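Here's the structure, in structure tokens; my notes come after.
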Amino acid sequence: MSEYFPEIDAITYGGPASEDPLSFNYYDPDREIGSKTMEEHLRFSVAYWHTFTEDGSDPFGVGTMERPWDDIDDPMEKAHARVDAGFEFFEKLGVPYFCFHDRDIAPRGENLAESNENLDEIVDHVEEKMDETGVELLWGTSQLFMEPKYMHGAATSPNADVFAHAAGQVKKAMEVTERLGGENFVFWGGREGYKTLLNSDMGRELDNMGRFLQMAADYADDIGFEGQLLIEPKPREPTKHQYDFDAANVLAFLREYGLADRFALNLEANHATLAGHNFRHELQYGRINDALGSVDANQGDKLIGWDTDEFPTDVYMTTLAMYEILENGGLAPGGLNFDAKVRRESFEPVDLFYGHVSGMDAFARGLEVAHELREDGIFEEVIDERYSSYEEGIGAEIVSGEADFDSLAEYALNNDGFDLSSGRQEKLESILNRYILES
Ligand code: XLS
Ligand code: NI
Ligand code: NI
């Protein structure tokens, strides 16, 4: 079998002083941080679509990428070559997981039956490579947005035949994910949203989306799929308004349709910023609602209003993300999936390695710092102190339910002193910087 990345050796840990950008400065998979190794904490995954199927084209220009499978014309042969290249890449990078959409790994056929056949043939190959390398599937998903039939949505399409087709496609993708031992199955509502309310019945579309997800959960039970079902929020793009806007919106939807026990959230950094939140906000919102399931690790550009899916290199962000993940008790069975792509100007295969290595290092360093911040109780102490008035006296009565408006008004009429304390934001920001830069 040919080697697709012959110029790259396995990436190894070189330590903070290493000047080789094809070595890890911080990611040392076997190193223990608290009770788990870095590998167990971080559960890194490569996104098949961004890494092996994109060509760098954008609305203003054609593809730019040079890829080792470029000269293969037959779509199935090309798909097989990508599987070999993919597993070579995963192994050289040293990631334990990958993620895919059904249509990334195998080409779409003339109809659903042919697409399913293509998928089966490629999945045989994927399964062999998984056995051979030990690389596992973090999650599978269905691509329900690329084909023209999905122009109005899939589960929320006004056309019932499209709803049925989407159900058939997801059914197959779930079977394949189950067969490959996938630990999660993701629903990102690609075109589940609207361009204009002038032609849309939002109530009916949401009801249909609820029906679709209920059927998916039922089917997961039917086939004994024990993985986690995840919904990935995103506020816009490709539609003007996506129904899965953000974590809070998705949780309200799941509760309305009785699905909250069956689905958790797959939260993506760039989607958080598009929704007007920072990444930590979304992670914390998921965590406090017991719904933080998995993470699409990337970052956006603050000056650009769309999903740029850049590799995460902002250590400030990765530190606070890892802080939330540690507070959550980890992500398993979820993980950190690099839903990220190299820029179209970074067209050489080696750039795929640079991108992933820098993202893995940024999260590994974030993990180290977040762990130390928690060990030293830096924020915990300040936050506990800030809310301490609820631990005794009138505060404890509010929390226990003993207090009501009568008793509180009486208390307030006899109490003029407020023992307020400083929020200390600036002090905390300075301590955080010291931990990031020096610990
Ligand atoms: C697109 C989404 C997509 C999902 C998987 O913006 O992030 O890549 O993660 O369908
Ligand atoms: Ni994503
Ligand atoms: Ni995205």
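A compact table of results
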{"item": "Identity of the residue in region 291-310, in contact (Cβ under 8 Å) with a residue 24 or more places away in the chain and open to solvent by 70 Å² or more (accessible area, probe 1.4 Å), that ends up farthest from ligand 1 (Cβ to nearest atom)", "result": "K302"}
{"item": "Within region 329-370, considering residues that are farther than 14 Å from S45 by Cα and either modelled with pLDDT under 95 or within 16 Å of ligand 3 (Cβ to nearest atom) (or both), the one most open to solvent (accessible area, probe 1.4 Å)", "result": "R343"}
{"item": "Test for G276: is it surrounded by fewer than 17 Cβ atoms within 10 Å (Cβ to Cβ) and farther than 25 Å from D207 by Cβ", "result": "yes"}
{"item": "Yes/no for A47 being open to solvent by less than 20 Å² (accessible area, probe 1.4 Å) and either of a type in the set (A, V, I, L, M) or in contact with a Gly (Cβ under 6 Å, 6 or more places away or on another chain) (or both)", "result": "yes"}
{"item": "Y243, sole failed condition from (1) farther than 18 Å from G293 by Cα; (2) open to solvent by 40 Å² or more (accessible area, probe 1.4 Å); (3) of a type outside the set (D, E, K, R)", "result": "(2)"}
{"item": "Complete set of residues in region 165-201 that are farther than 17 Å from Y150 by Cα and hydrophobic (A, V, I, L, M, F, W, C)", "result": "M174, V176, L180, F185, V186, L197, L198"}
{"item": "Scan of region 61-99 for residues that are open to solvent by less than 10 Å² (accessible area, probe 1.4 Å) and assigned to a loop (DSSP other than H, G, I, E, B), ordered by number", "result": "W69, V95"}
{"item": "Selection count, region 346-368, where residues are within 15 Å of A85 (Cβ to Cβ) and assigned to a helix (DSSP H, G or I)", "result": "6"}
{"item": "So D58, is it in contact (Cβ under 8 Å) with a residue 60 or more places away in the chain and open to solvent by 50 Å² or more (accessible area, probe 1.4 Å)", "result": "yes"}
{"item": "Entirely in region 100-210, the helices (runs of 4 or more DSSP H) that have 2 or more residues that are free of Cβ contacts under 8 Å to residues at least 24 places away in the same chain", "result": "112-133, 160-179"}
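The values are calculated or read from the model by the stated rules, or taken from the named source; none is laboratory data. This one's a predicted model, so the numbers in the text were calculated from it and none came from an experiment. Reconstructed Cβ throughout: ideal geometry from the backbone, glycine too, with neighbour counts over all protein chains shown. These area figures cover heavy atoms from the full protein model, side chains too; ligands, DNA and RNA do not enter into them. Shrake-Rupley method; radii C 1.70, N 1.55, O 1.52, S 1.80 Å.
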